1. Farthest toward the dipole's positive end in segment 86-135, which of Asn110, Phe94, Leu127, given Cβ charges of +1 (Lys, Arg) and -1 (Asp, Glu) about the Cα centre?
2. Quickly rank 41-48, 100-107, 126-133, 67-74 as a protection proxy: mean count of other C-beta atoms within 10 Å, highest first.
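Here, each number is a calculation from the coordinates, and none is a lab measurement. Computed from a predicted structure; not experimentally measured. Positions of Cβ are generated from backbone atoms using ideal geometry, with glycine treated the same way; all protein chains shown enter the neighbour counts.
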Amino acid sequence: MNRFFCFSLFFIITLPKLLLISIDMGYTLNILGKKAFITFDDTAEENEITNAFLEVVDIINIRKLNYIIFDCTNVINYAVPADHMARVKVVTHFSTAWNANITIIFIATNSEIRFMATAFINHNEDLKWNYMLFEDLNETLKWCDKNE
C-alpha cells in the first residue's frame, strides 16, 4: 500500500460519512454514523465475511460503532467454513476490548448464511456481542432506529 493511499484512507475515515470500496474484494464497505455496512456481491468466498470483518476492525475505530451490518442479500453462493464458530469467537473476543456493545447484523436470504448467522445467535453469550438476522435492509434499519 503506498503512502498516498494510506494518507487518503486515514483522511476519509475521519469524515462522519464514508464510502470505501474494497479493491479486488467481493464487497463494499460503507460507514454511516454509528453503522458499518458491508455489502457483498453475488458470490462470497468462504473466508470473505471474516476478511471483511477484519478489515472493519483494522481500519475503523470500532469504539464509535453500534452496528456492523453484513448485507448478504445479493449473495447466491456461499460455503460456510467448517470452523466458522471458532473464527467468529476469536475475532469477537479480541474486538470486545475496544467495544463490548456492538450488535452484528446479518441480512440474508441465502440458506447457508442464515444457518451460520443462526448459529451465532444461538451462541450469543459465548461470542460476547449480540447477533441479529434479518431478510431485508429496510427491516434492519427500522430495528436499528428503534434500538438506538
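1. Checked the options; the winner is Phe94.
2. Values: 41-48: 15.4, 100-107: 19.5, 126-133: 17.2, 67-74: 21.9.
The most tightly packed comes first, giving 67-74, 100-107, 126-133, 41-48.
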